[in-house]
1. Please work out if A:Q161 is at pLDDT below 90, in contact with a helix residue (DSSP H, G or I) (Cβ under 6 Å, 6 or more places away or on another chain) and either within 12 Å of chain B (Cβ to nearest Cβ) or more than 18 Å from A:E203 (Cβ to Cβ) (or both).
2. Quick one: which strands (runs of 3 or more DSSP E) sit completely within the range A:14-132 and have at least 1 residues that are over 21 Å from the mean Cα position of the chain (by Cα) and hydroxyl-bearing (S, T, Y)?
3. Go through the range B:489-515 and report how many residues are within 14 Å of another protein chain (Cβ to nearest Cβ) and either outside any helix (DSSP H, G or I) or hydrophobic (A, V, I, L, M, F, W, C) (or both).
4. What do you reckon, is B:V193 assigned to a helix (DSSP H, G or I) and surrounded by fewer than 17 Cβ atoms within 10 Å (Cβ to Cβ)?
5. B:G486 passes all but one of (1) surrounded by 17 or more Cβ atoms within 10 Å (Cβ to Cβ); (2) more than 14 Å from every other protein chain (Cβ to nearest Cβ); (3) assigned to a helix (DSSP H, G or I); which number fails?
6. Please work out if A:A149 is out of contact with any Cys (no Cβ under 7 Å at 6 or more places or on another chain), within 14 Å of chain B (Cβ to nearest Cβ) and not hydroxyl-bearing (S, T, Y).
7. Among the listed residues A:R173, A:R168, A:R163, which satisfies the condition of being closer than 29 Å to A:R45 by Cβ and surrounded by fewer than 17 Cβ atoms within 10 Å (Cβ to Cβ)?
8. In the range B:416-425, what residues are at the interface with chain A (Cβ under 9 Å from one of its Cβ atoms) and in a helix (DSSP H, G or I)?
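The values are calculated or read from the model by the stated rules, or taken from the named source; none is laboratory data. Here the structure is a predicted model, which is why all the values come from computation and not from measurement. Backbone-built Cβ (ideal geometry, glycine too); neighbour counts: all protein chains shown.
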Amino acid sequence: MADAATNVDTSQMKVSDEVAISIQKMNKWFGNFHVLRDIDLTVFRGERIVICGPSGSGKSTLIRCINALEEHQAGTIEVDGTLLSSDLKNIDKIRSEVGMCFQHFNLFPHLTILENCTLAPIWVRKIPKKEAEETAMHFLAKVKIPEQADKYPGQLSGGQQQRVAIARSLCMRPRIMLFDEPTSALDPEMIKEVLDTMIELAEEGMTMLCVTHEMGFARQVANRVIFMDAGQIVEQNEPEEFFSNPKSDRTKLFLSQILGH
Amino acid sequence: MSDMHAHSVAFVQETQIPPAPPPARETGVIKWMRENLFSGWFNTILTLVALYIVIRLVVGVFPWFVNGVWDADSIRECRDILQGQVGACFAVLVDRWDHLLFGFQYPADGYWRPVLAFILLIGAAMPALFYMYIPSRFLIATALYPFVAYWLLWGGSLWVPIFVLAAIIATGLIFKLVEGMNVQARTMIAALVGIVAGLGLAYLLYLGAKELWFISESVGSSGGFATIASLLFKAFSIFTFVFFVPMGIFVGYAIYQSAEDGGLVTVVTSLFAIYVMLAYLLGPVSGAINSIIPIELEPVPSRDMGGFMLCMMLGTVCVSLSIPLGIVLALGRQSKMPLIKGVCVVFIEFVRGVPLITLLFVANVMLAYFFPPGSGLDLFLRVVIMITMFSSAYIAEVIRGGLAALPKGQYEAADSLGLNYTQATRLIILPQALKISIPGIVNVAVGLFKDTTLVSVISMFDIVGMIRGPIQQSTDWISVYWELYGFAALCFFVICYGISQYSQWLERQLQTDHR
């Protein structure tokens, strides 16, 4: 586990009482399998939430429901005041406000790094190409790979690809970022460079929901840790409390297993 | 550390070993020959046998080539010149050159037209084939080419293709106009179009029902099969009779209802517009302009097209139509909408299940029955429709393979960035899926191109039709086979090998996964 030894600057990391995401009594089934059960979750603007739990507990599905990559069957999800329904216009609106990074990066292999970053701003936001390229270079510089702009994703290392994926999302100027196990497919050496980028984002006050097993990251950056098991939110707390004094037995078992070695 | 180790296992590499060239016997021709030709006793034998066969072939064919007669008026004259020696009679190619290329009915003083059309084809195809090197504004040449080529090949008034082009542009403008309208104006259009389309559809179904009843009556009831067929047609007819009014109302209402988001009404209005323009305005308007400013070439009917030119025409038109149609079918087959998916699946499976020759016979004979006499589609067009349908079904399946090969993450990434279906498909999914499908598409395209010779069975005189018919049945060139079919094979080989080389080059161009 990469112990991010970076000092985190908390000056900008304020949580407002404006609601960014509000999920109420949300349920989801895959066929007959009840994946998410009565999920209630309110995320405030500026919050950094780490979601952990054993595999199959529904944590990825939960954040994928937020930008409608998965459809929920009962309950409501409201993102930035827009109700997520089957209305395609609402879905597209929410998706353009919510950035997402995937475990396997999912960069577009047939486009250069720069084109990956400018595609959505040009086509969804209708921003002129030149301006979109400037924005893209700004964010590529921010994730510290501006010199790779003209290469193709296949020519980059995993860590670099994930940083491009983050830059690609940021180019849409999202108000919320979702991370679905962003470091799980990376070599240990590369995990740190991705986590550093994410910490930097947090320091700027981005609202983040992050499914990860990086407990060092959770401790340093998160202001809330959510533990899920069998489709339910079992426990949520501030990181200090969560790690030092877990309440439920399931959480204790999970923590002892991932922190035990 | 146990005591059994006398010295420490600790080790530090302090120098970088410089790269060295490989040993001499691992490079060059000798290595290649040793590895590829003589790598074992079995391969050595194979190499020697192959070498023997190659030498025998060359020795056998070489005199045939060298002794070839290029200047003679008939096969008998060839034999006289050869005086019993082995030798080809290439004179047939010289004598019938025009017929092999253009067919025997194309007006001889107009041969420059297909030649010019072919040269222009090369120019017009460049911007599309080498799109990464040629600025996209040159694609306008590609878009205009079909109209120019039509005029050159079929002749007639230049105003006809110009009017068709203008009608297409006008339809595009109408599409934009209706799409951009406010809801009230569009509701009025939708009501109007809905009524006309509903009535039209109901009337067509009514006619169809009557026709089915007529067929059922004329099939009669003599014998079990006829009875079953007759009953089936009756059942279809009654079904259509019952539903022609509700179907009309349903479709009309659906169009009216679409006024709000504008999808269906926009498409139907545009289709109406282009139908009216082409069916009622094309003849009079282009005729009128032509009487004022006549620009005409001698008209050539489709029946007079022939030779390799016909193969090229069919091949070019059908390949360029069947790729877009194949893409649409492949996407339709992946659609979540059951109706669209169903139509695509049925179309693909039906067309793939029928031999091309059957479809061509249908084009030649059957389609004439479906159209009122006199207004029947041109034979060339009918053949194009059939070949395009046939190859687009195959291309659709090839592209479906490409779509299936894309990781799900690509769709998700496109979705998560807020791209809509059209954008995601056009910008993310298709470029990658088509790239994967290139070998398969080229396979179908090459096959299609060679299948154009099948039109010789419905008495069109393509290059094979010409050879089998007018040339070999003439008394001058009876029983000349090798030279003629060899020439036809060479023509096809040049084009197909070109396509294949282009596709391999394109695959290399699109390779992005390493430096």
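1. Taking the combined requirement at face value, the residue does not satisfy it.
2. By residue number, no strands (runs of 3 or more DSSP E) qualify.
3. Counting residues in the range B:489-515 that are within 14 Å of another protein chain (Cβ to nearest Cβ) and either outside any helix (DSSP H, G or I) or hydrophobic (A, V, I, L, M, F, W, C) (or both) gives 7.
4. Answer is no for this residue.
5. For B:G486, the failing item is (1).
6. Judged against the criteria, A:A149 is not a match.
7. A:R173
8. Across the range B:416-425, the qualifying residues are B:S416, B:Y421, B:Q423.
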